[in-house]
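Reading through the structure tokens given below for one structure.
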Amino acid sequence: MNLTDGLTEHLHDLTPPPPDLDRVVRRGRNLRRARRTAQVAAGVLVVVVVGALGSTAALLRGGGGEDRVSVPPIATGPMDLSHGLRAYGDLGGQVRMGGRSFPAKDMQWLDTDAAATSAGLVFFQDGRPFLLGGDGHPKALWDGPVDDPEGWHPTAKNDATSPAVAFAVRDGDTVTLVVRNPLAERWTTLPVRCDGSAGCDGLVVDGIDSGVVFVRTSRGTFVWRHTSEEAKGLEPFAGPRTRVADVRHRTVLYDGPRPTVTLPGWTYVAGAIDAQLTFDGKHVLSWSPVLKSIGNDEAITLDLPKDAQFFTVDTDGSILAATTGDPARFFDCALPDGVCEPIGDLQMTGGDPLFIGNDM
């Protein structure tokens, strides 16, 4: 996937026929599940921790490595992040982020590999992570050597409790897990050796919250307690049939068998793999304007039109929603009152409405 081309090449407007509502909803769910499932490779990962390198700033220079790394020629102009990133779009037409609009193309992996954060969009080009921040210019977040072989899809996740972002970069048979504040010069790393090149392909960062990174491999899910002095690298958390859907405010939303390891002070909630948690970890968002409580709180009902069928949690904790139809209408909904305001319309040319960097 070439993000530079996607942000710079214009597409001719196309007018598709009106969609069938049920078919659109089914296709949207299946597409998102397929994209998540495709990230799991058949290769076996041998989890051998090479060593946690502690917090350091020795690798980057000039506020992000621009003096060493070829920075993508992307310039969206200044973005307004005060109401969340509000990143949404149409794969065949336009993308909007932070109040800006630009053309998009060939963004097959952008929604799953990128991460919408309070600092902007963390995305990958040729296996290297960049931050597209409020100034509209990309900044490299890692200037060490990276590979981008076929079958490898680097991933990133943001922490709702801090500015931290967790991502993975690859160099040969070593994947380096990184936790970094995108706007700062200090971070923590954990190199992990793989058993052959195929074994690296299945490593995915599934979440980060409250000092813990959740990492999935073909052998199962592991946790890296990156802020703990007692951390010993990757520690077992769940078997290969368990998938971590989301982690927020010490709540783990999972699909499959219950995790085999208990994290003290954390709550485990069973749910769909394409569901999300609110930032306070108290409600589940899952293909409905009604957010179900995981405890004794009341459900939250979003004040949306009946044709709103697509949802995500924005970087400020509010809920983004989109309708079916053409044009698709987009809304930003405040929590916990559920009041929604319209934020834009888009002519849909490439399928379902897409939430960039935070798709369900």
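Amide H to amide H distances under 5 Å link Y268 with V252, where only residues 5 or more positions off or on other chains count and H is placed in the peptide plane. Solvent-accessible area assigned to carbon and sulfur over region 126-265 amounts to 46 percent, based on a 1.4 Å probe.
Here's the picture: charge each Lys and Arg Cβ at +1 and each Asp and Glu Cβ at -1 in region 137-294, and of L291, V169, P236 the one pushed furthest to the positive end of that dipole is L291.
Net charge dipole, region 264-360: roughly 260 debye, given to the nearest 20, about the Cα centre with Cβ charges of +1 for Lys and Arg and -1 for Asp and Glu. For region 152-284, the solvent-accessible area with a 1.4 angstrom probe is 36 square angstrom per residue. Tally Lys/Arg at +1 and Asp/Glu at -1 over every other residue whose Cβ is under 12 Å from the Cβ of L320; what's the total? Neighbour charge sum, excluding L320 itself: -2. Neighbours of G151 by Cβ distance under 12 Å: Lys/Arg scored +1, Asp/Glu scored -1, total -3. Taking the Kirkwood radius as Rh and the Cα radius of gyration as Rg, region 214-360 has a ratio of Rg/Rh equal to 1.03.
Work out, in µm²/s and without decimals, the Stokes-Einstein translational diffusion coefficient of region 258-340 at 25 °C, 0.890 mPa s, Rh from Kirkwood over C-alpha pairs. In µm²/s, the coefficient rounds to 179.
Checking every one of the GluC sites (Glu not before Pro) in region 178-258 against DSSP loop status and a limit of 12 other Cβ atoms within 10 Å picks out E229, E230.
Once the Kirkwood radius over Cα pairs is known for region 125-226, the Stokes-Einstein relation at 25 °C and 0.890 mPa s delivers a diffusion coefficient of 177 µm²/s. A DSSP coil position with no more than 13 other Cβ atoms inside 10 Å describes the following trypsin sites (Lys or Arg not before Pro) in region 232-316: K232, R241, K306. Amide H contacts for T349 (H built 1.01 Å from N in the peptide plane; partners 5 or more residues away or on another chain; cut-off under 5 Å): G92, G93.
The values are calculated or read from the model by the stated rules, or taken from the named source; none is laboratory data. Everything quoted here is computed from the prediction, not taken from an experiment. All Cβ positions, even for glycine, are placed from backbone atoms using ideal geometry, and neighbour counts span all protein chains on display. Quick note on the areas: whole protein, heavy atoms, side chains included, nothing else; ligands and nucleic acids left out. Shrake-Rupley method; radii C 1.70, N 1.55, O 1.52, S 1.80 Å.
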